[in-house]
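Student: Pasting a structure here, questions to come.
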Amino acid sequence: MALTIQTSITPPGAAILDNPATILALATAHGELTPGGGTPIAITIPNIADDQTGLSFELRANNTEFRFTGGTLKLTLRQEVHISNALSPCARAVWLQHENKHVQDNERVMARMDAELRADAIFAFILIRPTWQSFAVMGKPKDVIRERIQEVFTRLTATAATRQDTLKEYRSVEQQIKIRCGHTVGQNLRLGAYGQGVDMIQLSLNNHPPTLLPLLKVDGVFGARTDARVREFQKNNKLTVDGVVGKDTRAALGL
C-alpha cells in the first residue's frame with residue numbers, strides 16, 4: 001500500500017515571556033537542563049500533531065482484525081518559545097537567537113520524519129507493509145500510529161537539542177550578552193564601540209534602505225561593515241561623512 005506523509009510547519013511567532021519558576025517547571029517536565037547545571041531561563045517546546053482522518057482501514061473476523069487500505073497521514077509541527085521575563089529586553093533578544101536555532105533544528109527534523117517513520121518497525125508493520133493485525137495484539141491502529149510518531153519525533157528533537165545545548169554554546173550566549181547588553185547607549189558611537197547602543201544603530205540602519213551594501217549582522221559590535229554602512233547612510237542623507245553616530249546621524253536614524 002502507498003502511504004503519503006504530508007508535513008507542515010506552524011511558525012512559533014513571538015516568544016512567550018514567563019517568570020523564572022515557570023521556565024524551570026517547563027524545562028524539568030521536558031527533562032531539559034543547562035549544560036553547566038544552572039537554572040534554565042529559556043526553552044523551546046515542539047509539538048507534533050497528526051491528522052489521521054485521511055487513513056482508511058478494513059475490518060474482518062467479527063471486527064477483531066484490521067488492515068490498512070490507503071490514505072494520507074498529515075503531520076504538523078507547532079512550537080512555543082518561552083523566555084524568562086527576569087531578563088532585560090536586550091538579553092531576551094540574545095537568548096531568542098539561541099532558541100531560534102532549536103526552532104530551525106526542529107523544522108529540519110520534520111523533513112526527516114517520512115524516512116524515520118518508514119524505518120520504524122511497528123509503524124511500517126501497520127502502514128507501509130500492511131497485513132491483517134489483531135486488535136487484541138496490536139491495539140487500536142490509530143493509537144499505535146500516534147504513539148510511534150511521538151516516539152520518533154521526541155527522539156529526533158531530543159538528539160538535536162543535545163547537539164545544540166553545549167557548554168560552548170552557552171558560554172557564547174553569555175559572551176554575546178556581555179558585549180551587546182553590558183553598556184549604556186553612548187552619545188557618540190564609532191568604529192570599535194560595542195554594546196546595546198550599537199545593536200540599536202545596526203537595527204536602524206537595516207531599516208533604512210536603499211543601500212548598495214548588504215544588511216548588517218546585529219551583533220552589537222561596531223566593526224568595519226557597520227562603519228561602512230554608517231558612512232553610506234550619512235552620504236545618502238547629506239550628513240557629515242565621518243562614521244561617527246552622533247546627534248545628527250542619530251536623529252536621521254530615528255534614535
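Student: Around I16, which amide H atoms from residues at least 5 apart in sequence, or from another chain, sit under 5 Å from its own amide H, with H modelled in the peptide plane?
Tutor: Long-range HN contacts for I16: V81, H82, I83.
Student: Once the Cα atoms of helix 89-119 and of the chain are each reduced to a long axis, what angle between those two axes, in degrees from 0 to 90 to the nearest 10, is obtained?
Tutor: 30 degrees
Student: Compute the distance in nm between two label points, each set 7 Å from the Cα along the Cα-to-Cβ direction, one at A115 and one at N100.
Tutor: 2.7 nm
Student: Roughly speaking, what is the stretch gain from A86 to A158, that is 0.36 nm per residue apart minus the C-alpha to C-alpha distance, in nm to one decimal?
Tutor: Gain on stretching A86 to A158: 23.3 nm.
Student: Given a 1.4 angstrom probe, I'd like the percentage of the accessible area of region 1-123 that is carbon and sulfur, rounded to a whole number.
Tutor: The nonpolar share, carbon plus sulfur, comes to 52 percent.
Student: Still on this model: So if each residue of separation counts as 0.36 nm, and I subtract the Cα-Cα distance between I5 and K168, what length gain in nm does that give?
Tutor: 55.0 nm
Student: Okay, moving on. For region 67-146, what is the Kirkwood estimate of the hydrodynamic radius, computed as the reciprocal of the mean inverse distance between distinct Cα atoms, to one decimal in Å?
Tutor: 15.8 Å
Student: Sticking with this one: For region 25-38, take each phi angle, set θ = phi - 60°, evaluate the Karplus expression 6.51 cos²θ - 1.76 cosθ + 1.60, and give the result in whole Hz per residue in order, putting x for glycine and proline.
Tutor: Result, ordered by residue: 5, 5, 5, 5, 5, 9, x, 10, 10, 6, x, x, x, x Hz.
Student: Take R129 and V241, extend 7 Å from each Cα along the Cα→Cβ direction, and tell me the distance between the two endpoints in nm.
Tutor: 7.1 nm
Student: How big is the accessible area of F233 in square angstrom, nearest 10, if you roll a 1.4 angstrom probe over the protein chains?
Tutor: Approximately 10 Å² for this residue.
Student: Sticking with this one: Provide the per residue accessible area, probe 1.4 Å, for region 25-92, rounded to a whole number of square angstrom.
Tutor: 48 Å²
Student: Here is a further query. Using θ = phi - 60° and the Karplus curve 6.51 cos²θ - 1.76 cosθ + 1.60, what whole-Hz ³J(HN,Hα) does each residue of region 128-143 get, with Gly and Pro shown as x?
Tutor: Once rounded to whole Hz, the list reads 7, 10, x, 9, 5, 10, 8, 4, 5, 8, 8, x, 5, x, 5, 5.
Student: Two decimals, Cα atoms only, Kirkwood Rh: what is Rg/Rh over region 69-208?
Tutor: 1.21
Student: Please calculate the 1.4 Å probe accessible area of S172, with all protein chains present, and give it to the nearest 10 Å².
Tutor: The value for S172 is about 60 Å².
Student: Which value at 222 nm does the chain reach when only helices count, each DSSP H run of 4 or more adding -39,500 (n - 2.57), with the total divided by all residues and rounded to the nearest 500 deg cm²/dmol?
Tutor: -14500 deg cm²/dmol
Student: Please calculate how many Å² of accessible area region 198-255 carries per residue, with a 1.4 Å probe and no DNA, RNA or ligand atoms counted.
Tutor: Accessible area per residue, region 198-255: 57 Å².
Student: I need the phi-derived Karplus couplings for region 74-86: 6.51 cos²θ - 1.76 cosθ + 1.60, θ = phi - 60°, integer Hz, Gly and Pro marked x.
Tutor: 10, 10, 10, 9, 10, 10, 10, 10, 10, 10, 5, 7, 7
Student: Okay, moving on. Over region 1-132, consider all pairs of different Cα atoms and compute the Kirkwood hydrodynamic radius from their mean reciprocal separation; express it in Å, one decimal.
Tutor: 17.4 Å
Student: Along its three principal axes, how long is the chain when you only count alpha carbons? Whole Å, largest extent first please.
Tutor: Sorted largest first, the three principal extents are 87, 41, 25 Å.
Student: How far is helix 224-236 tilted off the main Cα axis of the chain, in degrees rounded to 10, range 0 to 90?
Tutor: It is inclined by approximately 70 degrees.
Student: Here's something else I'd like to know. Leaving out ligands, DNA and RNA, what percent of the accessible area of region 184-239 is carbon and sulfur, probe 1.4 Å?
Tutor: 57 percent
The values are calculated or read from the model by the stated rules, or taken from the named source; none is laboratory data. Because the structure is a prediction, the values reported are computed rather than measured. Methodologically, a virtual Cβ is constructed for each residue, glycine included, from the backbone with ideal geometry; neighbour enumeration extends over all protein chains shown. Accessible surface is based on the protein model in full, side chains and every heavy atom, while ligands, DNA and RNA are left aside. Shrake-Rupley method; radii C 1.70, N 1.55, O 1.52, S 1.80 Å.
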